[in-house]
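First up is the structure itself, then whatever we jot down about it.
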Amino acid sequence: MTDSTSGAPGGAPLESIPSGGREHVLRRMLRDPVALTCLTVLVLVVVASAAAPLLTGYNPDTSVLTDTLAPLSGAHPLGGDGVGRDVLSRLLYGGRTSLIGGAIAVLVAFAVGGPPGLVGGFYRGWFDAIARWISDVIMAVPAILVMLVVVVTISQNLDIAMVVLGVILAPMVFRLFRGSVLAVREELYVDAARVSGLGDARILRRHVLPVVMAPSIIQAAQLFAVAIGIQAGLAFLGLGDASEPSWGAMLNDGFTNVYNAPLLLVWPGAAMCLTIVALSLLGNSVRDALGGGDTRRPARVPRSRRPAVRTLPAAVSAPVPTPVDAENRPLLVVEGLRVTYPGPDGDRVVVDGVSLTARRGEVLGLVGESGSGKSQTAFAILGLLSPPATVGAGRLDFADLDLTSLDGRGWNRLRGKRIGYVPQEPMSNLDPSFRIGFQLVEPMRRHLGLSSAAARAKALALLDRVGIADPERVLRAYPHQISGGMAQRVLIAGAVSCDPDLLIADEPTTALDVTVQAEVLDLMRSLQREREMGMILVTHDFGVVADICDRVAVMRAGRIVETASARELFGDPRHDYTRMLLDSTLEGAEPRPALAVSGHNEVTEGTR
Amino acid sequence: MIKFLLRRLIAGVALVFVVATGAFGLASLTGTDVVLNIVGETATPAQIAAETRQLGLDQPLVVQYGHWLGHAVRGNLGTSWFTGVPVNQSLADTLPITMSIVLAGLLIAVVLSVALGAVAALRGGWVDRLTQIAAVLGTAVPSFLIALVLAVTFAVRLRWLPATGYVALGHSPIEWLRSIILPALALAVGATAATAMQVRGALIDVLKADYVRTLRSRGLGGGSVVLRHALRNAAPPALTVLALQFIGLIGGAVVVEKVFGLPGIGTLANASASEGDMPVLLGTVVVAVVFVVVVNLLLDIAYGWLNPKVRTS
């Protein structure tokens with residue numbers, strides 16, 4: 001077996017679930033039609049089984065030869081089975097067997113698996129190691145085989161077999177408890193409780209048990225279903241006390257008579273299915289009501305026909321006359337760019353009417369604090385934002401292309417080929433499962449139509465160009481085998497591999513060591529000059545801006561507050577916010593002033 | 001990688017040893033009534049004593065265990081108490097059948113879980129919700145119940161496929177396939193459901209990863225990114241779940257074999273259990289655990305192959 005996972009069947013998550021508001025949870029569950037139906041079914045099964053003697057006058061074990069395979073009738077509402085016993089009575093009494101067996105197994109599983117899980121998770125150490133090993137061993141053996149040995153050697157009684165099944169299922173509970181306790185231990189309040197002098201037993205009772213409660217209910221429901229299934233399996237195999245009515249034995253009888261009376265299979269099959277399905281769906285509903293379910297929503301890959309950017313007619317503000325002069329024509333014109341995310345209380349606007357231009361051979365710095373929307377602006381220009389984000393722009397032109405009308409295929413032709421992107425965090429931006437060579441070669445083959453060998457040769461040259469000493473080795477390496485600085489050089493090589501006109505770099509040096517930062521910046525500057533690319537450099541660092549930017553746009557709270565040449569900006573910052581940013585970054589600056597510089601309404605339109 | 005696999009191998013061997021010992025301990029609890037079963041109710045005490053001696057049951061437990069283990073290590077699992085047939089022979093006859101349905105079930109589970117998990121993760125919406133509900137049901141309903149439904153529907157009612165029996169692969173590949181497809185499907189449902197949910201979750205996480213965005217920034221289309229990169233990165237955690245599910249697959253086979261009248265390991269275990277034929281029952285347990293260990297080792301190799309950090313360490 002490989003690494004341990006959450007042990008619950010169906011992959012129940014083991015995260016701690018808030019224990020407060022239980023009443024609220026109960027009410028929410030009762031409003032959920034699925035949960036309500038499941039509860040009703042389970043209550044019906046329990047009541048019908050408990051009231052079996054009242055509901056039927058037959059002894060489930062009495063054979064009447066003339067009733068063999070009797071059809072449905074007033075006397076036998078569900079007919080007679082293969083040896084002339086009343087089917088309804090066997091179904092009702094069989095429910096008892098299943099419910100009692102399931103309860104035994106679940107109780108034993110919690111009694112055996114729970115305490116070691118609590119202790120092991122709380123104290124760790126040798127006890128935990130041994131308990132985990134035992135748990136792994138038990139889980140590696142097919143349960144039903146052990147049950148066969150047990151039924152033969154210890155007792156034909158299925159209830160005793162259910163005790164053993166409880167032991168076999170105990171690792172599930174052990175792992176659940178252990179995982180929950182480990183999670184709680186990480187929480188500070190346990191430490192606080194300990195510091196304040198609470199004994200371990202008290203801490204376990206007061207802080208750990210409430211957290212374990214909710215997932216335990218879910219786990220119990222699932223184990224109950226598993227136990228009913230395995231018990232029925234054993235009885236179906238013909239094991240166990242033949243005189244005890246059970247759904248599994250009924251299935252066996254029905255299967256024997258499948259050609260004569262297929263209905264005999266339907267009753268116990270339906271009863272079992274209903275009970276098991278109700279138990280697991282109920283467990284699921286409890287989890288959902290507690291908010292602990294798999295709430296991960298699919299991150300949709302945009303479908304190729306849909307434009308990534310909507311045209312926003314209203315957002316067109318102060319249209320810029322398109323320069324006729326081809327020499328001076330901007331590479332990229334962005335007007336009224338808006339990015340919004342749906343939030344609990346209305347849409348959240350993260351980029352609010354940004355307008356900027358980028359020219360060939362020029363480096364534009366996009367500067368602002370974290371959260372100012374500069375990265376979102378970059379991603380929007382690259383068409384990399386997926387739902388739930390919505391992107392709109394009055395105008396989004398790249399060279400001769402209107403990006404707002406581009407479909408997925410169009411974007412794929414553009415990205416990588418004409419616009420390159422250098423990410424912030426080098427290590428997380430290389431696919432850990434593929435060699436670096438493959439990741440460099442793939443886009444070149446696609447965009448430039450190069451052969452494998454030609455693309456590889458070009459990749460080697462690129463790696464050499466970005467200052468990697470041993471390109472052959474790096475090409476064969478996996479991302480985890482190289483350093484962060486090298487990974488960033490690889491990503492830069494990848495971004496320029498198809499000779500783009502525009503390079504968008506999102507904080508390309510932030511994650512790097514100070515010593516490497518300057519080198520990488522130099523590299524980007526020299527590549528930009530050598531290839532006469534336009535470049536948009538997203539950064540929060542005015543040092544970087546001073547180093548390589550020609551023009552600067554200052555962003556704050558989703559808007560551009562000032563655009564100027566780098567020289568102007570450093571010499572004579574117009575906007576208070578710019579001044580404040582400058583003050584806080586420049587060496588020998590005065591102590592940082594209070595952050596309340598300007599309100600939203602003071603923000604001036606970006607000048608161009 | 002070698003170290004990783006070696007550690008797994010040692011753990012696997014230890015597991016087989018521990019389980020064999022435990023099973024032997026359990027089996028030794030059988031009283032002398034098995035001897036009665038063998039010699040018959042009417043046997044004289046002398047006959048019973050002779051048979052007991054013959055089977056070695058008069059020896060101390062440790063001696064019995066040493067004797068059994070000594071032979072088992074050398075690959076000899078003893079002979080049946082009832083028929084005198086070597087256990088190895090019985091296992092060799094039945095193992096191919098169980099392997100056929102279990103491995104076919106595993107294959108179906110891999111293919112279907114990847115497809116279902118990917119569709120749920122990529123399409124979202126009602127497709128996702130429907131898949132999740134189906135997965136809850138798929139993991140809950142025991143495989144033998146599904147086997148019964150499949151047998152009644154496709155074999156008994158529609159008569160598309162044989163209801164019972166097994167045809168060896170060497171005899172007729174098509175008939176072999178027809179004889180194992182229903183049991184394999186029944187076994188696959190649970191593993192498919194559990195693994196599909198893992199694939200779904202892992203894919204959703206991977207698709208949010210930075211490197212997927214960077215791959216897209218290089219102009220790699222949705223399809224290529226998803227198929228090559230995202231699935232590859234989502235695979236290792238799914239394999240972990242699959243390894244756990246495989247144990248359930250073997251357990252399920254014991255009952256599913258009965259439904260389809262397949263004379264596999266499960267049928268052998270069941271028959272020997274109802275007779276109290278300990279050497280055979282022990283043999284089936286040992287073989288099942290070895291099977292689990294071997295398949296998990298193969299899955300470990302696949303895990304390492306998919307995970308460069310493990311492979312290159």
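Readers should treat all values here as calculations from the given coordinates under stated rules, not as data from a laboratory. A quick note: this is a predicted structure, and the numbers were derived from the prediction, not measured. All Cβ positions, glycine included, derive from the backbone under ideal geometry; neighbour counts span all protein chains shown.
Here are a few things to note about the model shown:
- Put simply, segment A:366-423 fits an ellipsoid with semi-axes of 20, 13, 12 Å; these come from the alpha carbon gyration tensor as the roots of five times its eigenvalues, largest first.
- Averaged over peptide B:131-143, the number of partner chain Cβ atoms lying within 10 Å of each residue's Cβ comes to 6.
- Between A:Ser451 and A:Asp407, the contour length at 0.36 nm per residue exceeds the Cα-Cα span by 13.1 nm.
- Relative contact order for chain A: 12 percent, from Cα pairs under 8 Å spaced at least 6 residues apart, divided by residue count.
- Here the gap between A:Arg525 and A:Arg202, fully extended at 0.36 nm per residue and compared with their Cα-Cα distance, gives a gain of 110.0 nm.
- In nm, spacing of pseudo-spin labels at A:Arg27 and A:Asn59 (7 Å Cα→C-beta vector): 5.3
- Computed E for A:Asp400/B:Met1 - FRET, C-beta separation, R0 35 angstrom, nearest 0.05: 0.10
- Zone of B:Val127's modelled label, taken as backbone nitrogen in segment B:178-194 under 20 Å from a point 7 Å along Cα→Cβ: B:192-194
- Among B:175-184, B:58-67, B:157-166, B:130-139, the order from most to least packed when residues are scored by Cβ within 10 Å on average: B:175-184, B:130-139, B:157-166, B:58-67
- Alpha-carbon centroid distance for the pair segment A:209-254 / segment A:509-572, whole angstrom: 66
- Burial ordering of A:Arg489, A:Arg395, A:Arg348, fewest other beta-carbon atoms within 10 Å first: A:Arg348, A:Arg395, A:Arg489
- Restricting the calculation to Cα atoms, the protein assembly as shown shows an Rg/Rh of 1.07 when the hydrodynamic-style radius is the Kirkwood one.
- In chain A, helices alone account for a calculated mean residue ellipticity at 222 nm of -16000 deg cm²/dmol, with every DSSP H run of four or more residues adding -39,500 (n - 2.57).
- Inter-chain Cβ neighbour average for residues B:204-211, partner chain, 10 Å: 6
- Taken residue by residue and averaged, Cβ atoms of other chains lying within 10 Å of the Cβ of A:230-239 number 5.
- Taking amide H positions as modeled 1.01 Å from N, with prolines and chain starts lacking one, the residues under 5 Å from B:Leu262 and 5 or more places away or on another chain are B:Gly165.
- Using the Cβ-Cβ distance between B:Val13 and B:Gln89 with R0 set to 30 Å, the FRET efficiency works out to roughly 0.80.
- Over the C-alpha atoms of segment A:70-211, the Rg to Rh ratio, Rh being the Kirkwood estimate, stands at 1.21.
- Entries of A:Lys374/A:Lys417; A:Lys374/B:Lys309; A:Lys417/B:Lys309; A:Lys374/A:Lys458 with Cα pairs more than 29 Å apart: A:Lys374/B:Lys309; A:Lys417/B:Lys309; A:Lys374/A:Lys458
- Theoretical gain in end-to-end length, A:Ala518 to A:Asp241 [0.36 nm per residue, Cα-Cα removed]: 91.7 nm
- Each peptide in B:190-201, B:40-51, A:472-483 gets a packing score, the mean of other Cβ atoms within 10 Å over its residues, and the list from highest to lowest is B:190-201, A:472-483, B:40-51.
- When both segment B:39-64 and segment B:182-239 are represented by their alpha-carbon centers, they are found 58 Å apart.
- Here the peptides A:411-421, A:136-146, A:61-71 are ranked by packing, the mean other Cβ count within 10 Å, and the order with the highest first is A:411-421, A:136-146, A:61-71.
- Across q = 0.15, 0.16, 0.17, 0.18 Å⁻¹, segment B:119-261 modelled as identical point scatterers on its alpha-carbon atoms has Debye log10 I(q)/I(0) values of -0.85, -0.90, -0.96, -1.01, in the order of the q list.
- In nm, spacing of pseudo-spin labels at B:Val294 and A:Ala270 (7 Å Cα→C-beta vector): 4.4
- Calculation over all alpha carbon pairs of segment A:391-518 in 10 angstrom steps from 0 returns a P(r) of 13, 40, 32, 14, 1 percent.
- The local environment of A:Pro77, defined by Cβ-Cβ distances under 14 Å, has a net charge of -1 under the rule Lys, Arg +1 and Asp, Glu -1.
- Take every pair of alpha-carbon atoms less than 8 Å apart whose residues are at least six positions apart; their mean separation over the length of segment A:43-82 yields a relative contact order of 25 percent.
- Take every Cα pair under 8 Å whose residues are at least 6 apart in sequence, average their separation, divide by the length of segment A:358-436, and the relative contact order is 14 percent.
- By other beta-carbon atoms within 10 Å, ranking A:Met29, A:Met444 with the fewest at the front produces A:Met29, A:Met444.
- Net charge of Cβ neighbours under 9 Å - reference A:Phe434; Lys, Arg +1; Asp, Glu -1: +1
- Estimated FRET transfer efficiency when R0 is 45 angstrom, pair A:Ser155-A:Ser73 (beta carbons, to 0.05): 0.75
- Helix A:33-50 axis, angle to chain A major axis (alpha carbon atoms, nearest 10°): 20
- Sequence-distant residues sharing a close amide H with A:Arg310 (under 5 Å, placed H): A:Val391, A:Gly392, A:Ala393
- Segment A:350-364 - phi-based ³J(HN,Hα) in whole Hz, Karplus 6.51/-1.76/1.60, Gly and Pro as x: 9, 10, 10, x, 7, 10, 7, 10, 10, 10, 4, x, 10, 9, 9
- Per-residue ellipticity at 222 nm, computed for chain B from helices alone with -39500 (n - 2.57) per DSSP H run of at least four residues, works out to -25500 deg cm²/dmol.
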